[in-house]
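Colleague: Quick one: the structure is below, questions incoming.
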Amino acid sequence: MIELYKKIENGERLTKDEGVKLLKEGDFLKLGELANLIRFRKHPNKTVTFILDTNINYTNVCYVGCSFCAFYRNKDDKDAYTLTIEELKEKIEEAEKNGVETALIQGGLNTELPYSYYLDMVKELSKSSVHVHAFSPPEIDLMSKISKKSIKEVLIDLKNAGLTTIPGGGAEILSERVRKRISPKKIDTARWLEIMEEAHNLGIKTTATMMFGHIETDEDIIEHLCNVRKLQDRTNGFRAFIAWDFKKENNELGKRVDRVTSGIDYLKIVAISRIMLDNFDNIQASWASQGKDVGEVALHFGANDMGSMLIEENVMRQAGFRAESTVEEISNIIRKSGFEPALRTTDYKIVKYL
Amino acid sequence: MGLDAIEEKIKYGEPIDIKDAKEILSSFDLIKIGKIARSVKYKKSDKKVYFVFNKHINYTNLCVSKCKFCAFYRNGEEDDAYTMEIDDIIEEIAKMPKGIREVHIVGGLHPNKPFSYYVDMVSSIKKHFKDINVKAFTAVEIDYFSKLEGLSYEETLKTLKDAGLDSMPGGGAEVFSERVRKKLYPNKIPYEKWAEVHKIAHSLKIPTNATLLFGHIETDDEIIDHLFKLRKIQEETPGFLCFIPLSFHPSNTPLEKTIEKVDAVKELKVLALSRIILDNFPHIKAYWVMLSPKIGQIGLHFGADDIDGTIGQERVTHAAGAKSPLGLAKDNMVGMIKNAGFIPVERDALYNEIRVY
């Protein structure tokens, strides 16, 4: 272990096997110390950023029915919905009034929506001052199927409509062993990475996410990190990495999972991500994932960003998880932790220091 | 002197001074503070983390003290004012599954129960459950009982010990600062009396605990002073088993509008600092009821070697808006400790090992 720690201190890249060993046997505080060391090498000052954003989920109709999801509905369900472009415009106007920086726009995979719906959405919503951060890879894949265009062509159309960044959702765990069991109908690892690569090649920046704490093993987690690290080597298009722990209420997978992700599990993942992802600038600590207390501590485990404000959040809420906060509260947490809060853009540029 | 120099001092078993303590509390380097505190913990209890299968009993919420930070007390006319009779208490304990090792008893300062009520409480529990350790009454209650009958502290404690009192909790210490006491709990005994009760208890071979209530209006200097005072009592009259830092929960108290609940990083720092200063205390507790189970578990890496117990029906902190569960199952305790990378050890009230998991 000592050799492994030395290697990290020297800034050397860890192999997959070393990552697994670190996750299995690494000392909790040592992981924090090393992750912090790397964080301060990349970001020498104590600034911790976050973004004022809102989530817009344009539809909850989704045919893939992932076992971990409490949000999706069949199109005939009573509470199934799809927002019209007009309704979406109202939402973005409201966000604009609230001074929101970015709208994270994602939805279910609703096969009945025409290709034009997505392009119109981007075109219309991009007219506002709110940055449109839309469509995770599974949605892009669906657009390619319904339009019978290639991924590249779809991305070019979206880009021409005004899209400049896309979120990193739908990654879950980028290991086929896990995906086949929890989301067999969702795009596979190779496809997820391919879409991200095409986007990066077109100058569209993205993030990478991971949802852990269900049936995955330590090996699966490290495989996930190595997969995104490898692509980042080629494209440098990932802006940030964000890990979430699985929420088990109201979904099929929850019944199959007995374990509960602890604060310690979460902090280890934040630290390991910082250590493994040596080519990522930003690692998020989500205060909404494990609560504000653990989120605050995570800033000492290698994270340099507190994610978003989530003015409207629907997906986790369906899974029995509600988190609300204010700019003041998040700034306070960051200050109390010893860091300096700043609001940022989706592109990780500072809007203002608080 | 930086944290490295403090770490060096501790490595060679030198005590730290007030300046070092200030350095620790004001330091940015949370992880380093944790590592120092954990190294002290490792010397005391290696990788073990203790828990106890216990039951909390808060026998009344009537209280003549009316402290400003308290959400638990009632005056008597309220709908939710209550006082448990001895039979109620016996019944509550009898409801617990087999294997319970300790009852932790604290209550308000009841306006008119006689001293015999408290003596009977202890002797009745002992009569019905001879294997259960009765850990009862804070120094504040002992002081109050002594006044009821015009007894000295020593006579009061002896009577209770003869009735079966095994050990005492560490509550009522709050912060040993006269400035804070006058503002928040003027009717509560000052430091000198709290210390006297514990010293006499120790001399009567009644082991006790000690606490600190922080995160309200106290300063860092007052926290540090409190810890050094406890260290001195333990030096002079050893008998403390465990120290428990308690973070203040402002909801439903008159302070709720002016004070925010203390943040997690401060909680971890105070926990670590107490492990470092109180090097003559065998154990430091990360009390999950106050800290939340999540921060309590993280606290095990910040010097704590005890996570209290299963508890069942804690009332005082929950009256002040604590969001932690009312009780945790034994399996949960074991799982939490293992998940943190430590060895769970079920203990009795006196830290005798019952079972290593």
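Colleague: Say whether the condition of being within 14 Å of chain B (Cβ to nearest Cβ) and touching a helix residue (DSSP H, G or I) at 6+ places or on another chain (Cβ under 6 Å) is met by at least one residue in region A:218-234.
Modeller: Scanning region A:218-234, I find at least one residue that is within 14 Å of chain B (Cβ to nearest Cβ) and touching a helix residue (DSSP H, G or I) at 6+ places or on another chain (Cβ under 6 Å), so the answer is yes.
Colleague: Just for region A:261-278: of the residues that are in a loop (DSSP other than H, G, I, E, B) and touching a residue at least 12 places away in the same chain (Cβ under 8 Å), which one is nearest to the other protein chains (Cβ to nearest Cβ)?
Modeller: Residue satisfying both the conditions and the ranking: A:T261.
Colleague: Can you work out which of the residues in region B:2-29 that are surrounded by fewer than 22 Cβ atoms within 10 Å (Cβ to Cβ) and β-branched (V, I, T) is farthest from the other protein chains (Cβ to nearest Cβ)?
Modeller: By that ranking, first place goes to B:I18.
Colleague: Here is a follow-up. Quick one: in region A:32-45, of everything that is among the charged types (D, E, K, R) and surrounded by 16 or more Cβ atoms within 10 Å (Cβ to Cβ), which residue is farthest from the other protein chains (Cβ to nearest Cβ)?
Modeller: A:R39
Colleague: Sticking with this one: Would you check if B:Y153 is more than 16 Å from B:F240 (Cα to Cα) and either crowded, with 21+ Cβ neighbours inside 10 Å or β-branched (V, I, T) (or both)?
Modeller: Taking the combined requirement at face value, the residue does not satisfy it.
Colleague: Turning to a different aspect of this structure: Hey, among B:K41, B:K55, B:K32, which residue is within 14 Å of chain A (Cβ to nearest Cβ), within 25 Å of B:M333 (Cα to Cα) and surrounded by 15 or more Cβ atoms within 10 Å (Cβ to Cβ)?
Modeller: Testing whether each residue is within 14 Å of chain A (Cβ to nearest Cβ), within 25 Å of B:M333 (Cα to Cα) and surrounded by 15 or more Cβ atoms within 10 Å (Cβ to Cβ) leaves just B:K41.
Colleague: For region B:74-112, which residues satisfy the criterion of being in contact with a Ser or Thr (Cβ under 7 Å, 6 or more places away or on another chain), outside any strand (DSSP E or B) and not hydrophobic (A, V, I, L, M, F, W, C)?
Modeller: Once the filter is applied, which keeps residues that are in contact with a Ser or Thr (Cβ under 7 Å, 6 or more places away or on another chain), outside any strand (DSSP E or B) and not hydrophobic (A, V, I, L, M, F, W, C), region B:74-112 yields B:Y82, B:G107, B:G108, B:H110.
Colleague: Give the residue that is modelled with the lowest pLDDT, with candidates limited to residues of region A:46-58 that are in a loop (DSSP other than H, G, I, E, B) and away from chain B (no Cβ under 14 Å).
Modeller: Residue satisfying both the conditions and the ranking: A:L52.
Colleague: May I ask you to list the residues in region A:102-147 that are among the small types (G, A, S) and part of a loop (DSSP other than H, G, I, E, B)?
Modeller: Result: A:G107, A:G108, A:S126, A:S128, A:S129, A:S136.
Colleague: I'm checking my understanding of the structure. Among residues of region A:28-45 that are outside any helix (DSSP H, G or I) and in contact (Cβ under 8 Å) with a residue 24 or more places away in the chain, which one is nearest to the chain's Cα centre (by Cα)?
Modeller: That would be A:H43.
Colleague: Moving to a separate point now. Which of (1) part of a helix (DSSP H, G or I); (2) touching a strand residue (DSSP E or B) at 6+ places or on another chain (Cβ under 9 Å) does B:N209 not meet, given it meets every other one?
Modeller: (1)
Colleague: Further, regarding this structure: Which of the numbered conditions does A:P341 fail, given that it passes all the others? Conditions: (1) closer than 30 Å to A:D17 by Cα; (2) modelled with pLDDT of 90 or more.
Modeller: The one condition A:P341 does not meet is (1).
Colleague: Within region B:318-349, work out how many residues are modelled with pLDDT of 95 or more, part of a loop (DSSP other than H, G, I, E, B) and among the aliphatic types (A, V, I, L, M).
Modeller: Selection size over region B:318-349: 1.
The values are calculated or read from the model by the stated rules, or taken from the named source; none is laboratory data. Since the model is a prediction, treat every value here as computed from it, not as a measurement. Because the Cβ atoms are built from the backbone with ideal geometry, glycine has one as well, and the counts that use them run over all protein chains shown.
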